[in-house]
Amino acid sequence: MKGITLLALSIFSTAFLSFTPINKKYIVIDASHGGNDFGATYGEILEKNISLSIAKEIQKINEGQDKYEVILTRDSDKFPTLFERTDQINKLNPEMVISLHVNKDLKKETPDHGFEIYVQNSEGSKQLAEKISKKFDTRKIEGRNLHILRETKAPAVLVELGFINNTQDREYLTSTKGQKEIAQKFVEVINEY
């Protein structure tokens, strides 16, 4: 009887342990704006659509990868508030947060172009910003007191992907090729982190 009990316990332990979930690490991609909040606009071109499309592409490229799971703060045209976003992020306790935005230059006749990266005041955020900067045409890395950066406990960066009213940036950001290339570079940053 003792042998049967030990055998049953052994089988149960093996079965239970084989179904124990692997401790996955999370990466959060925040697709900015959404719903009635369009973000930067240029005619019919909306920041909220560009940020969501690139966020989904990052998640798609990363699928099936064992090291990290990419979680989006929104996966449709809805608007979670900044508080809802940071609450979701902090519950997940991710390795990093990348908030995707598109810039608009209202001051110049010839708009600026290129990436801008904003960070919270932490070493992890600054290191993440440096890694992203090496992959893209980055104009600057700068500290900013923004809700998503300030209230997120994980290393977080807010990335302006280019200027919607700069012809070159806009054409790249709205093209399938451009969005795939941007997403691929972010996945490389995630995997090198």
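Throughout, read-outs are computed from the coordinates displayed, never taken from laboratory work. Predicted model, so just to flag it, every value in this text is computed and none were measured. All Cβ positions, glycine included, derive from the backbone under ideal geometry; neighbour counts span all protein chains shown.
For the reader, a short list of remarks on this structure follows.
- Candidates ILE29, ILE54, ILE182, ranked by Gaussian network fluctuation over the chain, Cα under 10 Å, top entry: ILE182
- Once the Cα gyration tensor of the range 70-122 is diagonalised, semi-axes √(5λ) in Å: 27, 15, 10
- Unsatisfied cross-links (Cα-Cα over 30 Å) in the set LYS24/LYS104; LYS25/LYS107; LYS67/LYS104; LYS60/LYS91; LYS153/LYS177; LYS140/LYS180: LYS24/LYS104; LYS25/LYS107; LYS67/LYS104; LYS153/LYS177
- Kirkwood analysis of the Cα pair distances in the chain returns a hydrodynamic radius of 18.0 Å.
- Rel. contact order, % - alpha carbon contacts under 8 angstrom, at least six apart, the chain: 24
- Net lengthening on full extension, LYS25/LYS91 (0.36 nm per residue, minus Cα-Cα): 22.5 nm
- Whether the range 98-189 is rounded, prolate or oblate, judged on the alpha carbon gyration tensor where a/c under 1.5 counts as rounded: oblate
- Less than 5 angstrom separates the built amide H of TYR26 from those of GLU69, GLU95, all sequence-distant by 5 or more or on a different chain.
- In this rough spin-label picture, where each label sits 7 Å from Cα along the Cβ direction, the ASN191-THR176 distance is 2.2 nm.
- Calculated FRET value between GLU44 and ASP66, using beta carbons and R₀ = 41 Å, to 0.05: 0.55
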